[in-house]
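Below is one structure, written out as structure tokens, with a few remarks after it.
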Amino acid sequence: VQTCALPILDPHSPRWHLVCDSLQQESEKEAFRQLSMLVDGWELIPDSRAFLTPTCLRRYLRARNFHVKKAASQLQKTIEWREEYHPELIDATEVRDIAGLGGFYTSGHDKYGNPVFYLKHNHDIPYSPEKRLQYLVYCI
């Protein structure tokens, strides 16, 4: 597996500053800086590096109350899953049949403006749990 040693997050980039400045408290900004530096030291494949945007790091920090070690641990598990599952390689033709059943839809947005996804669990859908998961991952 080819790894990439390019820096993930450039603290001189406008996008990095936009995300950092959106954080309210100095402790949150410091956690963001720490996680950015920590993640830059990881050896990752290029697809994983592309996933680790400033917005992604902020999302993981918020999910773990800005606890850097917990956010880093969760990120590492996500990266491992992504490198094993390769969600970016799922093609629309692979999930076209299950998509036509209407079991997955969006409705509204969360407090951060992200769309809220719903997946109806229906035992009458003639597809395996693996195929349903593939469709869910494709939609997200």
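The values are calculated or read from the model by the stated rules, or taken from the named source; none is laboratory data. Source: prediction; values computed, not measured. FYI the Cβ positions are ideal-geometry reconstructions off the backbone, even for glycines, and counts take in every protein chain you see. In case anyone asks, the SASA skips ligands and DNA or RNA and just uses the protein heavy atoms, side chains included. Shrake-Rupley method; radii C 1.70, N 1.55, O 1.52, S 1.80 Å.
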Would you calculate a helix-derived [θ] at 222 nm for the chain, using -39,500 (n - 2.57) for each DSSP H run of n ≥ 4 and dividing by the full residue count, to the nearest 500?
-> -16500 deg cm²/dmol
So for the chain, taking the charge dipole from beta-carbon charges (+1 Lys/Arg, -1 Asp/Glu), which of A71, G100, I125 sits furthest toward the positive end?
-> A71
In terms of modelled amide H atoms, which long-range or inter-chain residues lie less than 5 Å from the amide H of H67?
-> none
1.4 Å probe accessible area per residue over region 74-122, in Å² | 73 Å²
Any idea what angle helix 54-63 forms with the longest principal axis of the chain, computed on alpha-carbon atoms, 0 to 90 degrees, nearest 10?
-> 80 degrees
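When a/c is below 1.5 the answer is rounded, else prolate if a/b is larger than b/c, else oblate, so apply that to the chain with a ≥ b ≥ c taken from the square roots of the Cα gyration tensor eigenvalues. Can you show the working numbers first?
Values: a/c = 2.53, a/b = 1.67, b/c = 1.52.
Cα axes put the chain in the prolate bin.
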May I ask you to evaluate 6.51 cos²θ - 1.76 cosθ + 1.60, the Karplus curve with θ = phi - 60°, for each residue of region 98-109 and list the ³J(HN,Hα) values in order in whole Hz, giving x for glycine and proline?
-> 6, 5, x, 7, x, x, 9, 8, 9, 7, x, 9
In nm, to one decimal, how far is the modelled label at T93 from the one at K29, with both set 7 Å along Cα→Cβ?
-> 5.0 nm
Just tell me the longest site-free run in the chain, where the sites are trypsin sites (Lys or Arg not before Pro) in a DSSP loop having at most 12 other beta-carbon atoms within 10 Å.
-> 1-110
Relative contact order of the chain: what whole-number percent is it, with Cα pairs under 8 angstrom and at least 6 residues apart?
-> 19 percent
